[in-house]
Amino acid sequence: MRSSVADDGLTGVALVTGASSGIGRALAEGLAARGMAVAGLARTGDRLATAMDEVAAATGARTLAVTADVTDRAAVEAAVAEVTEHLGRVDLLVNNAGGVDAAEEPLWEADPDQWWDVVSGHVLGGFLLCRAVVPWMVLRNRGRIVNLASGMSLRARPEYSAYSVAKTGLMRLTEALQGALEGSDVHAFDVAPGLVDTPMTRGMPMWQGQTDWTPPDRVVRMVAAIAAGELDAWSGRFLHVNNDAPEDLARRGPEGDARRLRLRPWGDGDPLG
């Protein structure tokens, strides 16, 4: 049976990492319902396969479950090759995979291995996926990349230092990528999904008792608008699904360095401003 979500006429192939649950799972189904073939990537093979089968059954779309660790270069390259073989070249890459600090604690009390796993999951994972996918987008001169950002991309939380560093690093990756893509029809974006009710957020002590969650459909709408090419004026910039309506963004573009990470000037004429 098809989903009741309206088909917005999207075409092509989407690759969504961290697709077995949470935001990734919602994006997989939302993009499939809008007409895209969707490859979901995650480390947990059985759960991912179940999720992609459910998406296919709900939407009638072509789906593919690809198991890989996003920090493993060979595994990422093999996963992208598998997607290409079964579905075709990737038109939309969504870097959603990644974890969070194991405990709310200052960085000197954090386990170094777990801390680095968080950073590398977001930053190295995003880099490796882009490295494997973007050259083919450039060759065909079409494609969109969405890196999932966070409020902690902009303001670090001392009790979540790894996640804060990771999400800020991913924003810099987006800006560097977009700079290299200037003049092409390939565009990269940072999208903060708000506070979506997921296993990760439920496990964070700071959100215990939270009841006002961001509906996943808002994230899907923003990413779908990006996939459709409606928000290209905002390439390389930070978008937030709770504060930015796609239709408003489409009507007017940014000015100057709006929605980019920058130092605030220290007085008039500050060369670092």
Exercise. Pairs, please: C-beta under 6 Å, at least 6 apart or cross-chain, first residue closer than 28 Å to Leu27 by Cα and in segment 87-114, second in a loop (DSSP other than H, G, I, E, B) and among the β-branched types (Val, Ile, Thr)?
Worked result: Ala97/Val70
For this session: Would you please name the residue that is farthest from Val241 (Cα to Cα), looking only at residues in segment 147-187 that are buried (at least 18 other Cβ atoms within 10 Å of the Cβ) and without any contact (Cβ under 8 Å) to a residue 40 or more places away in the chain?
Result: Ser164
Problem set entry | Of residues in segment 3-22 being modelled with pLDDT of 95 or more and under 12 Å from Val220 (Cβ atoms), the one surrounded by the fewest Cβ atoms within 10 Å (Cβ to Cβ) | Leu10
Exercise. In segment 80-135, how many are touching a helix residue (DSSP H, G or I) at 6+ places or on another chain (Cβ under 8 Å), surrounded by 18 or more Cβ atoms within 10 Å (Cβ to Cβ) and of a type in the set (A, V, I, L, M)?
Worked result: 16
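For segment 128-153, name all the residues that are under 17 Å from Ser184 (Cβ atoms) and outside any strand (DSSP E or B).
The answer is Cys130, Arg131, Val133, Val134, Pro135, Trp136, Met137, Val138, Leu139, Arg140, Asn141, Arg142.
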For this session: Considering each residue of segment 225-248, count those that are outside any loop (DSSP other than H, G, I, E, B), among the hydrophobic types (A, V, I, L, M, F, W, C) and within 11 Å of Val191 (Cβ to Cβ), and give that number.
Result: 5
For this session: State yes or no: is Arg259 among the charged types (D, E, K, R) and outside any loop (DSSP other than H, G, I, E, B)?
Result: no
Exercise. Restricting attention to segment 152-201, and to residues there that are under 15 Å from the mean Cα position of the chain (by Cα) and aromatic (Phe, Trp, Tyr), which single residue is farthest from Val16 (Cα to Cα)?
Worked result: Tyr163
Problem set entry | Residue within segment 252-266 that is more than 20 Å from Pro193 (Cα to Cα), exposed (fewer than 12 other Cβ atoms within 10 Å of the Cβ), free of Cβ contacts under 8 Å to residues at least 24 places away in the same chain and of a type in the set (A, V, I, L, M) present | yes
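The values are calculated or read from the model by the stated rules, or taken from the named source; none is laboratory data. Computed from a predicted structure; not experimentally measured. Note that each Cβ is placed from the backbone with ideal geometry, even for glycine, and that neighbours are counted across all protein chains shown.
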